[in-house]
Amino acid sequence: MEVVCLNSEPVFDDGDEYEDEGDCSLMEQDDEMGETQSKKEPPPPTVGLEFESFDEAYDFYNVYAKEQGFGIRVSNSWFRSKRKERYRAKLSCSSAGFKKKSEANNPRPETRTGCPAMIVIRLVDSKRWRIVELELGHNHPVSPDTKQFYKSHKKMILAAKKAHRSEPVREVHTIKLYRAASVDAVCNGYSDVDEREGRNPVNQSKHLELKEGDAHAVYNYFCRMKLTNPNFFYLMDLDDEGRLRNVFWADARSRAAYSHFSDTITIDTTCLANKFEIPLISFVGVNHQGQSILLGCGFLGHESTEYFVWIFRAWLTCMLQHPPQVIVTDQSKPLQNAVSLVFPGARHCYCLGYIMQRVPERLGGLKGFEAIKRQLNKAVYDSLKIAEFETCWGDMIERHGLGDSKWLQALYGDRQRWVPVYLKDIPFAGMIPIKENEGFNAFFDGYVHKHTSFKEFIDKYDLALQRKHLKEAMGDLESRNSSFELKTRCNFELQLSKVYTKEIFKKFQSEVEGMYSCFNTRQVNVSGPITTYVVKERVEVEGSEKEVRCYEVLYETTQADIRCICSLFNFKGYLCRHALNVLNYNGVEEIPPRYILARWCKDFKRRYPIDYGGSDADVNNPGQWYNHLYRRVVQVVEEGAQSQEHYKAVLQGLEELLHKLSL
């Protein structure tokens, strides 16, 4: 059998769309020029990374390939027929596939090996290119120390040579790595500090790495905010040598928002997990419209329990020692330790979206990955009972030989913190995904990328908040002044169209419409005042296929207390189609008040003014004067925003009051 040296020559292929005309002798100079190249290794591709253009995505994979010791080519492209616009592409290792057999007398030896390594990128709604599939493993040797030079690297060298003949070669394009959109989903997170340090060496300086101008930008911003926004709060943590270790801040609107929506929060550490230039940590809640709201943020100098504890205590001080009921974070031991120390009474859960985003990265190289992913999704999202999850998980491990996977072992050990079937008694206010196609975006998604500096972020921070606040204000206006279109004759729909905000009503409305996919509601057991019903529903599974599932619903007749095994009310904050069917079956015409959460109502902030306890201010304490007056003024602002007439009346009253006080 003929022995073939794998990757024994540069791969020149017609499928490579990035061939440049030029002097091929430049390729011979790469070894010499490469010695001066930056030794910083680019991060590996991960599902969910986004790029501003196709070229940027190609360059990212090309730089990664060059560092690893292989070449790439565009093996497939998909175009929209009418506009001839590329919307999907597959970038493969240059050893992918096999060449067509040549009828020449002395054919060149086969250099391809059918290598599976590749990434698939797709143009998404945001007009950016996202990695949607990947395979990092090769079926042939690759090494960063190889002296082999591939055709895909030629474009990078030519462009750099032309731009800077006297400078070392750098990547042609600035590669901006955006966190994953929903997959959301909300993210390539991290699971363990020691493991992360093994993958990407962490700077052990344990203080913020500030560039020239960063410190002044941050400090000047805080000073400006304190002058214009007296309820602005910030804390800085310095080490013994005066270096900045941690920073936390929250503006007046964030503090006011938390007084209304303090039940469930997410602590977003995406920037830490993805090794962004700014170690940003955000405290995020959900408002009455189901929109993400910022409740404070900061910069963390080191990912350790000590540093997390400092920033959590700073946030709690800012919120007047009023802790949340539920905290959702990424899966991380330092985070878990810090939450238990600072928020001992809160329910701490791991974000399902973060974990499921990591599945392709962790398991994508395994044989039968698609089958593994389907069974994992079924276990996580479709299990209605704990026994169902345990059986499905065990079957997946055994069938695919996954017993040695330390990552899956760790997930299983922590299952009571992230698998929905174990979390049915926790009110999440819609902050975790419970279906495979649900996703979420980080609060600063689109404003922060891999190389955003401290100074740049400070400049973008106000813009991000202004746009979020405008979106909330427009939502309030639409909710107050619009009459919602009813899609059924069900009285439940009419009842809550008068109560809920627009976005929450639309979600509840889909449950009302879903009542018509339920059938055969029947009573199966009676125990005193509690009756058990079974409701059947046709649900879509893969593609257009449907299957019938049975949902148990408990109904207590004297108090009209109802609970479905799907527990949508706790996960999302409104009743599910199965519970609505049982209420309808029992002749109940209106949803009981206990199942209409005030946090979703149009007038929530008017009905429930800010209150941290104690309605009277201490006349001898100037600090309490401020807080008490601020609470009352927020009520005035909420009333003034109800209509143009209210706005004019409040504005006139405030101007008269200010004129009176200035005399």
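The values are calculated or read from the model by the stated rules, or taken from the named source; none is laboratory data. This is a predicted model, so every value here is computed, not measured. For neighbour counting, all protein chains shown are included, and Cβ atoms are generated from backbone atoms with ideal geometry for every residue, glycine included.
Below are the figures for this structure:
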{"read-out": "Extreme residue, farthest from residue 133 (Cα to Cα), among residues of segment 100-117 that are in contact with a Ser or Thr (Cβ under 8 Å, 6 or more places away or on another chain) and at pLDDT 70 or above", "value": "111"}
{"read-out": "Filter result (of a type in the set (Phe, Trp, Tyr) and either modelled with pLDDT of 95 or more or in contact with a strand residue (DSSP E or B) (Cβ under 7 Å, 6 or more places away or on another chain) (or both)) within segment 327-374", "value": "343, 350"}
{"read-out": "Residue selected from segment 68-93 under the condition charged (D, E, K, R) and surrounded by fewer than 15 Cβ atoms within 10 Å (Cβ to Cβ), by the criterion modelled with the highest pLDDT", "value": "85"}
{"read-out": "Verdict on residue 264 being touching a Ser or Thr at 6+ places or on another chain (Cβ under 8 Å) and either of a type outside the set (Lys, Arg) or surrounded by 23 or more Cβ atoms within 10 Å (Cβ to Cβ) (or both)", "value": "no"}
{"read-out": "Unique residue being surrounded by fewer than 11 Cβ atoms within 10 Å (Cβ to Cβ) and of a type in the set (A, V, I, L, M) when the list is 526, 534, 541", "value": "526"}
{"read-out": "Residue match in segment 367-384 (condition: farther than 23 Å from residue 541 by Cβ and in a loop (DSSP other than H, G, I, E, B))", "value": "yes"}
{"read-out": "Residue under evaluation residue 276, criteria (1) closer than 21 Å to residue 456 by Cβ; (2) in a strand (DSSP E or B), criterion not met", "value": "(2)"}
{"read-out": "Set 247, 169: member being at pLDDT 85 or above and closer than 30 Å to residue 49 by Cα", "value": "247"}
{"read-out": "Residues satisfying the stated conditions in segment 61-79, i.e. part of a helix (DSSP H, G or I) and in contact with a Pro (Cβ under 8 Å, 6 or more places away or on another chain)", "value": "61, 63, 64, 67, 68"}
{"read-out": "Hits in segment 291-337 - residues which are among the small types (Gly, Ala, Ser) and over 28 Å from residue 573 (Cα atoms)", "value": "298, 301, 304, 314"}
{"read-out": "Single match in 401, 430 (criterion: touching a strand residue (DSSP E or B) at 6+ places or on another chain (Cβ under 7 Å), on the phi > 0 side of the Ramachandran plot and not polar (S, T, N, Q))", "value": "430"}
{"read-out": "Test: residue in segment 427-440 that is charged (D, E, K, R), touching a helix residue (DSSP H, G or I) at 6+ places or on another chain (Cβ under 9 Å) and not in a loop (DSSP other than H, G, I, E, B)", "value": "no"}
{"read-out": "Selected residue (criterion: modelled with the highest pLDDT) from residues of segment 609-646 that are surrounded by 13 or more Cβ atoms within 10 Å (Cβ to Cβ) and over 37 Å from the mean Cα position of the chain (by Cα)", "value": "646"}
{"read-out": "Search result, residues across segment 535-554 that are under 29 Å from the mean Cα position of the chain (by Cα), more than 17 Å from residue 519 (Cα to Cα) and among the acidic types (Asp, Glu)", "value": "542"}
{"read-out": "Residue within segment 281-291 that is modelled with pLDDT of 95 or more, more than 30 Å from residue 508 (Cα to Cα) and not in a loop (DSSP other than H, G, I, E, B) present", "value": "yes"}
{"read-out": "Single residue of 439, 514, 446 found to be within 30 Å of the chain's Cα centre (by Cα), small (Gly, Ala, Ser) and modelled with pLDDT of 90 or more", "value": "514"}
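Rundown of residues vs (1) in contact with a Cys (Cβ under 7 Å, 6 or more places away or on another chain); (2) of a type outside the set (A, V, I, L, M); (3) under 25 Å from residue 439 (Cα atoms), yes/no style:
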residue: 336; (1), (2), (3): no, yes, yes
residue: 344; (1), (2), (3): no, yes, no
residue: 347; (1), (2), (3): no, yes, yes
residue: 355; (1), (2), (3): no, no, yes
residue: 358; (1), (2), (3): no, yes, yes
residue: 364; (1), (2), (3): no, yes, yes
